[in-house]
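In what follows, a structure is listed as structure tokens, so that the remarks can point back to it.
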Amino acid sequence: MTEGLIISIYIFVLAAFVGVEVISKVPPLLHTPLMSGSNAISGITLVGSLIAAGEGHAGLSVIMGTIAVVLATINVVGGFLVTDRMLKMFRNKRRKED
Amino acid sequence: MNVISALSYLVASVCFIVGLKMLSSPKTARRGNGFASLGMLIAIVVTLTDQKILDFTFVLGGLLVGSAIGMWFALRIKMTAMPQLVGVLNGFGGGASALVAFAEYMRISGDADLTVWTGDARLDVLITLVLSVLIGTLTIVGSMIASAKLHGIMRGAPILYPLQKQINAVILLGAIVLGVFFVLDPSLWYALIIIAGLAAILGVTSVIPIGGADMPVVISLMNSYSGLAGAMTGFVLSNNVLIISGTLVGASGLILTNIMCKAMNRSLANVLFAGVGVDYDPSSQPAEQRSVIRYTPQDAATILESAQSVVIVPGYGLAVAQAQHALQELVNILTQRGMQVRYAIHPVAGRMPGHMNVLLAEANAPYDILLEMDQINDDFQNTDVALVIGANDVVNPSARHKKDSPLYGMPILNVDYARTVMVCKRSLNPGFAGEDNELFYNDKTMMVFGDAKDTVTKIVQLMKN
């Protein structure tokens, strides 16, 4: 249905603008967590993987889907956890003197 | 997709955007990451309950195995291996996108028998299917090579071969042409496999000619690709949360890549194709033996004791020597004695954007003394001591005037404007650009040779007495 596709294109374009705006505000101090954090978000592909792995009949597509689930889950879980681990370490002088 | 699912996906997308927005300040960053992970959780739960899933066995098995491995990676990896980890995780995401595209193709082709096309697919689905396979495979292979180079499993120096640009162009063109054939006749299942193969080759051939020091740019670019692959999969599955998230990540990667290239004053094309760099070997000797005066940690401690203002320039060598804790201890001692001590972080110091910041944060350096180049560059002329540890190219004055240098035009930290410059290095050998550093031969530069951790620890001990 072309209308659905057009809407998706709208969303794609708007998302691109939002992305540029939001990410430009992240200071170089936090660029590493930004990379690992945005990388974790890209693990959203897990959503597609879950659907593919849950097809029902255990065919090649389900196997591919399952591998995709494993890979994407590693991406998501590993990504968010390591980002948190990094962000825990950032503290400023004021807190040090508490 | 029912209304509740669609709206929940929207909530998840909002969580991602808000989470990224909160990453703009160290005070809210950690919560922002939590928000984003909440969004991911919502998206996953909605997918699991949306009734598209008919059989949960594989799904749950996959989730459990993936979570366990992911947790192991995240909690056990050393901070110095962070760039490689991001590369690997990123590659996995790209690979997943490609696999999902394949699986979706098999589903719409009527599954079971691949030689019979009974499917009925829209043009946009087919196009984005090809793109997802192409970009996803390129991402996973390219990311693995980049991570291997960063981890030292593969040599850091560029592996050059003749007709590099042309070969890569031909491979890419071949994949696109095959993609067109496939879109016109979706029964050509093998075209999809060949496209994946070509993308994999491209992943190798496009990354191996890039030097180890430029890997941060590659990883950032791959990060962007994996986002793009996710967005393409979103078009294939008509799933808007995939499109939004993939696009956000794609934008993030591109912006960071751009920032890094600007900071090096090299175009992206130059980074990808010019083969800049040498193997990182801290013990090798430079070709030309010019003389420098060697100073001892004792000399360094004496100078530091009488300084009022100190600026420290960290580099990759600091991470390699794992000297950040000793260094911060030195900073604490100096600060207690009333000296002004700050860190100057060049945008491409280290192996990843923000690498130095993370390293120093791990050593409990308060982030308000971690300053960016633009904030601190004018202060060097009023600084008593500039202490360079493990950094090389980012403080090389050749970048200002030596037109044939690969560093020419790159903004550098003006350490040579300080009253005294102290450089901690293992030897005189060049940094990644393979360029001799004229800073070392400057009259006011004190070279303190030795392992950074040993040197700094000795200085700390001397200052305590």
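Just so you know, all these numbers are worked out from the coordinates, no wet-lab data involved. Computed from a predicted model, the values in this text were never measured in an experiment. Every residue, glycine as well, gets a Cβ built from its backbone with ideal geometry; the counts of neighbours run over all protein chains shown.
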Which whole-Hz couplings ³J(HN,Hα) result when phi for each residue of region B:366-382 is put into the Karplus expression 6.51 cos²θ - 1.76 cosθ + 1.60, θ = phi - 60°, listed in order with x for Gly and Pro?
-> x, 5, 6, 9, 8, 10, 7, 3, 4, 6, 10, 4, 6, 7, 4, 5, 9
Search the structure for amide H atoms under 5 Å from the amide H of A:R91, placed 1.01 Å from N in the peptide plane, and list their residues when 5 or more places away or on another chain.
-> B:Y367
Estimated dipole of region B:297-464 in Debye, rounded to 20 [Cβ of Lys and Arg +1, of Asp and Glu -1, Cα centre] = 240
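Normalised radius of gyration for chain B, please: alpha carbon Rg relative to 2.2 N^0.38 Å, two decimal places.
1.12
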Tell me which residues come under 5 Å, amide H to amide H, from B:I312 once H is placed; ignore anything under 5 positions away on its chain.
-> B:R342, B:Y343, B:A344, B:L387
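Relative to the compact globular guide of 2.2 N^0.38 Å, what is the alpha carbon radius of gyration of region B:19-73, as a ratio? Walk me through the numbers before you get to the answer.
On the way: Rg = 14.7 Å, N = 55, 2.2 N^0.38 = 10.1 Å.
Its radius of gyration relative to the 2.2 N^0.38 Å reference: 1.46.
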Rounded tilt (10° steps) of B:324-336 against the dominant C-alpha axis of chain B | 50
Give a residue-ordered list of calculated ³J(HN,Hα) values for region B:248-261 (Karplus: 6.51 cos²θ - 1.76 cosθ + 1.60, θ = phi - 60°; whole Hz; x for Gly, Pro).
-> 4, 5, x, 5, 4, x, 5, 4, 4, 4, 4, 4, 5, 5
Tilt relative to chain B, helix B:56-76 - C-alpha long axis, 0 to 90 degrees, to 10 | 0
Counting other beta carbons within 10 Å of each Cβ, put B:V100, B:V65, B:V177 in order, fewest first.
-> B:V177, B:V65, B:V100
Mean Cβ-within-10 Å packing, highest first, puts peptides B:125-138, B:163-176 in the order B:125-138, B:163-176
Based on other C-beta atoms within 10 Å, arrange B:R266, B:R155 from fewest to most.
-> B:R155, B:R266
Where does helix A:31-41 land angle-wise versus the long Cα axis of chain A, in degrees 0 to 90, nearest 10?
-> 20
Calc'd 3J(HN,Hα), region B:291-303, phi into Karplus 6.51 cos²θ - 1.76 cosθ + 1.60 (θ = phi - 60°), Hz, glycine/Pro = x, comes to 8, 10, 8, 8, 10, 9, x, 4, 4, 4, 4, 4, 4
Estimated FRET transfer efficiency (B:V14, B:H401; beta-carbon r; R0 45 Å; 0.05) | 0.35
Other-chain or far-sequence residues with amide H under 5 Å of B:V423's (modelled H) | B:V388, B:M446, B:M447, B:V448
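For every other residue with a beta carbon closer than 9 angstrom to the beta carbon of B:T420, add +1 if it is Lys or Arg and -1 if Asp or Glu, then tell me the sum.
On the way: positive: B:R419, B:K444; negative: B:D384.
Its environment carries a net charge of +1.
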For the protein assembly as shown, how big is the tail of P(r) above 45 Å, as a whole percent of Cα pairs?
-> 20
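Would you mind ranking B:L228, B:L254 by Cβ crowding within 10 Å, fewest neighbours first?
Working: B:L228 25, B:L254 22.
Least crowded to most crowded, the residues run B:L254, B:L228.
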In nm, to one decimal, how far is the modelled label at B:Q166 from the one at B:K52, with both set 7 Å along Cα→Cβ?
-> 4.6
Charge dipole magnitude, Cβ of K and R +1, D and E -1 - the protein assembly as shown, Cα centre, debye nearest 20 | 1200
Have a look at B:S132, B:V249, B:N239 and report the one farthest towards the positive end of the charge dipole of region B:82-279, computed about the Cα centre with Cβ charges (Lys/Arg +1, Asp/Glu -1).
-> B:V249
